[in-house]
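Notes to accompany the following structure.
What follows is calculated from the coordinates using simple rules that are stated; it is not laboratory data. Just so it is clear, the model here is predicted, and its values are computed rather than measured. No Cβ is skipped: glycine too gets one built from the backbone with ideal geometry, and neighbour counts run over all protein chains shown.
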Amino acid sequence: QVQLVESGGGLVQAGGSLRLSCAASGRTFSSRAMGWFRQAPGKERELIAAISRSAGITSYADSVKGRFTISRDNAKNTVYLQMNSLKPEDTAVYYCAAARSAWAPAPNDYEYWGQGTQVTVSS
């Protein structure tokens, strides 16, 4: 069992930055890939960033590539999402998720979810 708690969301102006954090409980964090998803009103939840268990592999959705960076600290059981050059279309609830395996590029690879944190970008 893995429990995930996100933090760091809020209201920011377009062009600004935020860093989301996700603290995980349990002993299996370092063996799992981690991901960040987001869901905007009226839209499906999408996987926007993923990181392998050792942080050697990362992947990003085209919509955030070059602006967002996923990272992790296995000693702290924490995964981060640094978001720069934010746009109003980045407004969504952001969720971190833990995968079943060491690398998880597909949404269906994830089995544990946090409660989400709201990010609102004003124009």
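Assorted remarks:
- Net dipole in debye of the stretch 1-76 [+1 Lys, Arg Cβ; -1 Asp, Glu Cβ; about Cα centre; nearest 20]: 160
- DSSP-loop GluC sites (Glu not before Pro) across the stretch 1-72, with at most 11 other Cβ within 10 angstrom: Glu44
- Where labels lie 7 Å past Cα in the beta-carbon direction, separation of Lys76 and Arg19 in nm: 0.7
- Extension gain, Ser63 to Ala106, is 13.9 nm, computed as 0.36 nm per intervening residue step minus the present C-alpha separation.
- Distance from the stretch 72-123 to the stretch 1-68 (C-alpha centre basis), Å: 2
- Exposed loop sites, defined as trypsin sites (Lys or Arg not before Pro) outside DSSP H, G, I, E and B with at most 10 other Cβ atoms within 10 Å, are absent from the longest region of the chain, namely 44-123.
- Hits among aspartates and glutamates - C-alpha to C-alpha of Lys87 under 17 Å, sequence gap 8 or more where chains match: Glu46, Asp62
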